[in-house]
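The values are calculated or read from the model by the stated rules, or taken from the named source; none is laboratory data. Everything quoted here is computed from the prediction, not taken from an experiment. Cβ placement follows ideal geometry from the backbone for every residue including glycine, while neighbour counts extend to all protein chains displayed. Quick note on the areas: whole protein, heavy atoms, side chains included, nothing else; ligands and nucleic acids left out. Shrake-Rupley method; radii C 1.70, N 1.55, O 1.52, S 1.80 Å.
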Amino acid sequence: MSGAGAALSHINAAGFALIGVLALAAWVRWRGRTRAWLAAALGLLALVTTGGELSALFKQLDPVVPLLDLVFFMASAYALLELRNTLLPVSLRTRLAVLAMLVVSTALVVPLALGPQNQKPTAFALIVVCALVLEWALCIIEPAMRFRLAARRLPVVQRKRLRALSTGYLGIAGALVLAVGTALAAAAASDGKAQPADAGIGLALQIVVTAAVPWFYVGFAP
């Protein structure tokens, strides 16, 4: 990772850690299911960024920490779906179906993560990664879009909160899909080694994540 990318990674980890703590503190102070699921969604993202920093510092933690990061990452998407359910109800059957889908897809990654890493990704591995990214993105994009639409009927403060939360999640989802899609295409066409374009993709993603942090804070700030 380039110097700028590494610096932004540290900033993002600290920013999301702070967001997670503040969201949890807001739930402790005011309680309620909506704040609980919001704290879970943001807190899990904070754990993902923190895990990424630990993996970069302590390589001996691989592959345990990356696998935990994946679990937290997918769980954050489900938490956002449950947050949506507190504001715009979703049927229990749909939520259970999404949960089962996320669990199965995440479980498929375990043998891939524990297997040899210094080889070109197989077609199965690429399909599993694509499925995970698409599932996460769908779990994020649908609630984020519904929040934006529903905000039109709410008072000013609630409207700004939902739109800010929607903007933050849509920005990360869009950047992640683009970055992973580009990286997978490069990996499929190469021997699996890092390419010069990977640094640029990583830096662009870090910039988007940095820009999203303030929007998440506006989503629950007093």
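Report the net charge of residues surrounding Gly52, where surrounding means a beta-carbon distance below 12 angstrom and charges are Lys +1, Arg +1, Asp -1, Glu -1.
Net of charged neighbours comes to -3.
Pull out the extension gain between Leu154 and Val90, defined as 0.36 nm times the separation in residues minus the alpha carbon to alpha carbon distance; nm, one decimal.
21.1 nm
When 1/r is averaged over all different Cα pairs and the result inverted, which Kirkwood radius in Å belongs to the stretch 1-101?
14.7
Can you tell me the accessible area per residue over the chain, all protein chains present, probe 1.4 angstrom, in square angstrom?
53
Please report the accessible area of Tyr78 (heavy atoms, 1.4 Å probe, ligands and nucleic acids excluded) in Å², nearest 10.
Here the accessible area works out near 40 Å².
Using the Kirkwood radius built from alpha carbon pairs, what does the Stokes-Einstein equation give as D for the stretch 55-113 at 4 °C and 1.567 mPa s, in µm² per second?
Estimated diffusion coefficient is 101 µm²/s.
Computed over the Cα atoms of the stretch 13-161, what is the ratio Rg over Rh, Rh following Kirkwood?
My calculation puts Rg/Rh at 1.02.
Add +1 for every Lys or Arg and -1 for every Asp or Glu among the other residues with Cβ under 10 Å from the Cβ of Trp37, and state the total.
In short, +2.
On a 0 to 90° scale, report how tilted helix 196-218 is relative to the longest principal axis of the chain, with both axes built from alpha carbons and the result rounded to the nearest 10.
10
Using a cut-off of 14 Å between beta-carbons, work out the net charge of the residues near Leu24 (Lys and Arg +1, Asp and Glu -1, Leu24 not included).
Around Leu24, the surrounding residues sum to +3.
Any chance you could give the angle, 0 to 90 degrees and rounded to 10, that helix 92-114 forms with the longest Cα principal axis of the chain?
20
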